[in-house]
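The values are calculated or read from the model by the stated rules, or taken from the named source; none is laboratory data. As the structure is a computational prediction, the values presented were derived from the model and not from experiment. Here Cβ is always computed from backbone atoms with ideal geometry, including for glycine, and neighbour counts include all displayed protein chains. Protein only, heavy atoms only, side chains kept; ligands, DNA and RNA dropped before computing areas. Shrake-Rupley method; radii C 1.70, N 1.55, O 1.52, S 1.80 Å.
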Amino acid sequence: MQLNELVRSWLPEGGTIVDRTGSEHAWPPLMKVAETVPSPAADDVLTAVTVAGSPAAAGDLPAVLADAVPGEVVLLLLPWPAAELPLGPVIQALVAAGLQATEAHPLADTEWGVAVICRRVDDEVGELHAYLDRSRSPGPLTGRTLLRLADEHVVEGLVRRTQELKLQATQQALEETKAALTAMTAERDALRDKATPSAASATEGEELESSDDLR
């Protein structure tokens with residue numbers, strides 16, 4: 001998914017992006033860009049935050065997410081490819097900050113690899129998505145336990161889907177390689193079959209010449 005496409009799906013025209021990424025990203029037109037979150041949090045405001053693309057980045061997540069206020073919608077931009085997302089630190093940081101993840105997408109057009117949309121809910125977990133396991137009732141789960149369950153399903157779901165797509169691509173490439181090898185083998189055998197009668201004719205010619213010499 002493209003980053004600005006995701007932003008447009010969340011914000012109406014005239015909505016406000018609170019850019020805390022320090023990246024000078026060109027956000028969609030017809031949207032305001034601010035440095036601070038208006039109070040109280042509004043539905044037409046989206047706060048973009050990120051961590052540096054370094055091995056220590058996962059350790060920076062709690063501090064980056066700590067400033068979210070109740071009701072604030074956060075666009076968390078992560079530097080890792082979806083298949084390499086450090087699930088434990090990401091989910092732990094979300095839960096510790098009281099953030100419920102509602103969407104997670106791989107990004108195709110920026111230096112960031114993953115975007116997670118989340119809202120500061122503390123322990124008041126909102127409605128769970130339909131793709132959660134309906135056979136397991138969330139009734140007895142409350143507070144941070146339920147929040148962790150919701151975050152795990154959204155973030156892990158992204159990683160699982162990405163890994164499955166990579167596996168499918170690898171299997172398809174393998175099948176195409178096998179098909180190409182089979183075609184090359186068949187072509188080689190056909191050329192070999194064509195060459196064999198010529199070789200036999202040459203041998204017969206040599207034998208006839210030898211017979212003439214003996215005469």
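Evaluate the following for V18: is it under 22 Å from D122 (Cα atoms) and in contact with a strand residue (DSSP E or B) (Cβ under 9 Å, 6 or more places away or on another chain)? Break it down into steps so the answer makes sense when it comes.
On the way: under 22 Å from D122 (Cα atoms): yes; in contact with a strand residue (DSSP E or B) (Cβ under 9 Å, 6 or more places away or on another chain): yes.
In short, yes.
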* Selection count, region 11-31, where residues are without any contact (Cβ under 8 Å) to a residue 24 or more places away in the chain and in a strand (DSSP E or B) -> 0
* Does A52 satisfy the condition of being modelled with pLDDT under 95, part of a loop (DSSP other than H, G, I, E, B), small (G, A, S) and under 21 Å from D151 (Cα atoms)? -> no
* To do: Among the candidates A108, A115, A104, A150, single out the residue that is open to solvent by 40 Å² or more (accessible area, probe 1.4 Å), under 22 Å from L75 (Cβ atoms) and at pLDDT 80 or above.
  => A108
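I'm trying to understand the selection: among the residues of region 55-68, which are of a type in the set (A, V, I, L, M) and either surrounded by 14 or more Cβ atoms within 10 Å (Cβ to Cβ) or modelled with pLDDT of 90 or more (or both)? I'd like the intermediate steps shown before the answer.
The first filter runs over region 55-68 and keeps only residues of a type in the set (A, V, I, L, M), leaving 56-58, 61, 63-66, 68.
Correct list: A57, A58, L61, A63, V64, L65, A66, A68.
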* To do: Could you list, in sequence order, all residues of region 63-105 that are over 16 Å from D151 (Cα atoms) and either in contact with a strand residue (DSSP E or B) (Cβ under 7 Å, 6 or more places away or on another chain) or among the hydroxyl-bearing types (S, T, Y) (or both)?
  => V64, A68, V69, P70, G71, E72, W80
* Asked: Quick one: is W80 among the aromatic types (F, W, Y) and within 20 Å of H153 (Cα to Cα)?
  -> yes
* To do: Could you check how many residues of region 32-49 are assigned to a loop (DSSP other than H, G, I, E, B) and open to solvent by less than 30 Å² (accessible area, probe 1.4 Å)?
  => 0
* To do: May I ask you to verify whether V73 is surrounded by fewer than 20 Cβ atoms within 10 Å (Cβ to Cβ) and modelled with pLDDT of 90 or more?
  => no
